[in-house]
């Protein structure tokens with residue numbers, strides 16, 4: 001029986017001259033099942049528009065309090081851009097590919113998309129591989145480095161550790177890991193999650209249930225930061241991709257809201273402007 005410690009090496013060997021360790025007919029069946037899953041994902045993205053959730057899910061319990069409060073009480077009405085939806089789609093496809101490759105490499109994959117519950121909040125785990133709870137993630141180069149270097153606990157803006165902690169708690173297991181793929185390079189890594197890094201999911205959920213029922217939003221997740229030596233202030237990088245940033249910072253710039261400027265390296269969201277940037281302002 002294979003051990004999860006050899007998983008990445010075994011997957012990489014599939015793309016060398018060696019044949020897969022399981023019979024070709026079995027590989028064909030696995031690919032057929034994979035194709036069905038891919039078809040369903042693509043149809044979902046083509047025919048169903050994303051809906052705002054007004055209830056807690058285990059996948060979201062790691063989000064900052066204020067962001068979750070907005071998710072449930074004042075969900076964003078701005079449609080997700082086509083480019084973002086395409087990125088989400090190929091992220092799902094890559095995560096399905098990781099599970100397929102694990103199976104073809106001869107590892108035991110069970111409990112796929114099993115529904116689990118912690119403190120009345122539901123979620124769906126990815127799978128167990130070789131009896132270890134695994135959450136599959138596709139990531140940018142920068143995000144992938146955190147998995148590769150086992151440094152996610154130091155900077156986890158999407159709350160992945162809280163998510164996998166909940167799945168582990170629901171299953172009554174201590175061993176868990178992320179199976180991650182770099183969307184740019186194709187590199188794969190296995191990032192074990194130590195039990196000391198995990199949170200108490202039940203305690204976190206109890207706290208969140210009180211937060212989202214409150215009529216008043218919690219304090220801001222992150223404070224704004226200086227924009228170089230200009231005297232201006234801008235959003236923390238962890239706020240940039242939040243869909244609630246305009247509502248959250250409606251009091252910026254003396255109540256006029258965020259001002260957005262197009263720099264060469266991307267948009268910059270200013271909360272206070274003392275020196276007018278010499279670049280295009282977006283409206």
*Of these, 126, 131, which one is surrounded by fewer than 20 Cβ atoms within 10 Å (Cβ to Cβ) and modelled with pLDDT of 95 or more?*
131
*So residue 227, is it loosely packed, with under 14 Cβ neighbours inside 10 Å and farther than 17 Å from residue 7 by Cα*: no
*List every residue pair whose Cβ atoms sit under 7 Å apart, with the two residues 6 or more apart in sequence or on different chains, where the first one lies in the stretch 22-48 and is closer than 18 Å to residue 11 by Cα and the second, anywhere, is at pLDDT below 95 and surrounded by 12 or more Cβ atoms within 10 Å (Cβ to Cβ).*
27/20
_Filter pass, residue 56 being under 27 Å from residue 177 (Cα atoms), assigned by TED's automatic domain parsing to the domain that holds residue 140, in a loop (DSSP other than H, G, I, E, B) and at pLDDT below 95_ = yes
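Yes/no per residue for (1) assigned to a helix (DSSP H, G or I); (2) touching a residue at least 24 places away in the same chain (Cβ under 8 Å); (3) over 30 Å from residue 129 (Cβ atoms); (4) not assigned by TED's automatic domain parsing to the domain that holds residue 58:
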residue	(1), (2), (3), (4)
179	no, yes, no, no
186	no, no, no, no
190	no, yes, no, no
216	no, no, yes, yes
219	no, yes, yes, yes
231	no, yes, yes, yes
241	no, no, no, yes
246	yes, no, yes, yes
262	no, no, yes, yes
_Of residues in the stretch 1-50 being outside any helix (DSSP H, G or I) and within 19 Å of residue 113 (Cβ to Cβ), the one modelled with the highest pLDDT_ = 48
_Checking residue 92 against (1) exposed (fewer than 15 other Cβ atoms within 10 Å of the Cβ); (2) at pLDDT below 95; (3) more than 28 Å from residue 222 (Cα to Cα); (4) under 18 Å from the mean Cα position of the chain (by Cα): exactly one of these is not met. Which one?_
(1)
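The values are calculated or read from the model by the stated rules, or taken from the named source; none is laboratory data. On a predicted model such as this, the values are computed, not experimentally measured, just so you know. Heads up, the Cβs are rebuilt from the backbone with ideal geometry, glycines too, and the neighbour counts pull from every protein chain shown.
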